[in-house]
Amino acid sequence: MASLLKRVKSKMFIFAHRRTLSLLDGEYGSVFKGRSMDFDELRSYVPGDEVRDIDWKATARHGSPLVKRYVAVRRHAVLLVVDSGRNMAAEALSGETKKDVAVYAAGVVGYLACRHGDDVGLVHGNASASRYLPAKGGEEHLERLLREIDSAITLHGQPSGIAGQLDYVLRYLKGRMLIVVVADEFLPDARTRELLRRLRARHEVLWLTVRDADLAPQVEGQATWDSTDVGTGTAIPFLLAADRDIRAAYQNAMVQRADLRAALFRRLGIAEEQAEGSADVVTSVFALLEKHRSGALSSGRRPPRGQRAG
């Protein structure tokens, strides 16, 4: 079987110029600047120590000043949290399967981490179960993660339920990480919002939404056959999907949902971007990293969808 990581690398050079890839590399590295020290231990204060390093709670308990000691983190942990429910076997807006877009997005982030010597782990699953592959370094391990995602997403699987994967991370994984979520297009409910709020307090969190396809397949502007909602199994007759008023109402509902989702992530302080297909994954990942670094969580200017980033 052909290497999925090789396919990812090939697409990166097809869809982005070398300069863009260099900038993407730099944006990834900047995420960890200022966050590369981990707490080691407490020790007694000595003249010359920074006052800001004093642990005042521990000092009060101990009766004499104690300061925190830190050690440099040489390898960072990146966790890919990927929706592998059957919703991701559906068609994306580009006409590709969402699975292919998700594998590519995970590959781009994972490849950046490998280039910087960081470890990459994976949590994926559906509404019924989650699976965890611990973080390790190297391209061979990344290839295994991509194959795991690729094989897990099928039309016969359980429906998506990303809240289950977020809950798994909170319950079982320790240590601060850069978490990159790749998920189906949906509006987070109250439970998911609370999980995200708690995750954001512990980790760096980025979110990539894979866009839904149009209401029905079209040839020269005309719907030609029935569609099916992969998540629910509900059929959408092409005669309804082709109705101009129904299509307009659907598009309006999708825009409203996207606006609500964007506002929600801004309130949570989480950078969120959308990908219509493979052609704009690199652009979307770059925008995610840039938003996260700058703290500017409102949408900025980006190259048009489907075009090569310059």
For the chain, what is the mean residue ellipticity at 222 nm derived from helices alone (per DSSP H run of n ≥ 4: -39500 (n - 2.57); sum divided by total residues; nearest 500 deg cm²/dmol)?
-> -13500 deg cm²/dmol
Residue by residue, what Karplus-based ³J(HN,Hα) values in Hz, rounded to whole numbers, does the stretch 278-289 have, using 6.51, -1.76 and 1.60 with θ = phi - 60° and x for Gly and Pro?
-> 4, 4, 10, 5, 4, 4, 5, 5, 4, 4, 4, 5
Give the accessible surface of the chain per residue, rounded to a whole number of Å², with probe radius 1.4 Å and ligands, DNA and RNA excluded.
-> 51 Å²
Between His17 and Ile236, the two model label points (7 Å from Cα along the beta-carbon direction) sit apart by a distance in nm of 3.7 nm
Amide H neighbours of Val182 under 5 Å, at least 5 residues apart or on other chains, H built in the peptide plane: list them.
-> Val81, Val82, Asp83, Leu208
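Stretch Arg197-His156 to full length: gain in nm at 0.36 nm per residue minus the Cα-Cα span? Show your work: numbers first, answer last.
Numbers: separation 41, 0.36 × 41 = 14.76 nm, distance 3.18 nm.
Value of the extension gain: 11.6 nm.
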Calculated from backbone phi, Karplus (6.51, -1.76, 1.60) coupling profile of the stretch 230-236 in Hz, x at Gly/Pro | 4, x, 9, x, 6, 7, 10
Mind checking which lysines have their Cα closer than 19 Å to the Cα of Lys99? Skip sequence neighbours fewer than 8 apart in that chain.
-> Lys6, Lys9, Lys11
Enumerate the calculated ³J(HN,Hα) couplings along the stretch 42-50 in order (Karplus 6.51 cos²θ - 1.76 cosθ + 1.60, θ = phi - 60°), each rounded to whole Hz, writing x wherever the residue is Gly or Pro.
-> 9, 9, 5, 5, 10, x, x, 5, 6
Centroid-to-centroid separation of the stretch 160-187 and the stretch 116-147 [C-alpha atoms, Å] | 13 Å
Using Cα pairs under 8 angstrom and six or more residues apart, how large is the relative contact order of the chain, in percent?
-> 20 percent
Extension length gain for Asp49 and Arg171 (0.36 nm per residue less Cα distance), in nm, is 40.3 nm
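How much length would be gained if the chain were fully extended between Thr228 and Lys57, taking 0.36 nm per residue of separation minus their Cα-Cα distance, in nm to one decimal? Walk me through the numbers on the way to the answer.
On the way: separation 171, 0.36 × 171 = 61.56 nm, distance 5.81 nm.
The span from Thr228 to Lys57 would gain 55.7 nm if fully extended.
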Per DSSP loop assignment and a cutoff of at most 11 other beta carbons within 10 Å, the chain keeps its longest run without exposed GluC sites (Glu not before Pro) at 51-219
Accessible surface of the chain, 1.4 Å probe, proportion on carbon and sulfur as whole % = 51 percent
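What does the charge count around Leu24 come to, taking other residues whose C-beta lies under 11 Å from its C-beta (Lys +1, Arg +1, Asp -1, Glu -1)? Please report the intermediate quantities before stating the final value.
On the way: positive: Arg18, Arg19, Arg115; negative: Asp25, Glu27, Glu290.
With Lys, Arg at +1 and Asp, Glu at -1, the neighbours total 0.
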Taking the convex hull of the alpha carbon atoms in the chain, what volume per residue do you get, in Å³?
-> 155 Å³
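The values are calculated or read from the model by the stated rules, or taken from the named source; none is laboratory data. Keep in mind that what you see is a predicted model, and the values were worked out from it rather than measured. Because the Cβ atoms are built from the backbone with ideal geometry, glycine has one as well, and the counts that use them run over all protein chains shown. All accessible areas refer to the heavy atoms of the entire protein, side chains included, with ligands and DNA or RNA removed. Shrake-Rupley method; radii C 1.70, N 1.55, O 1.52, S 1.80 Å.
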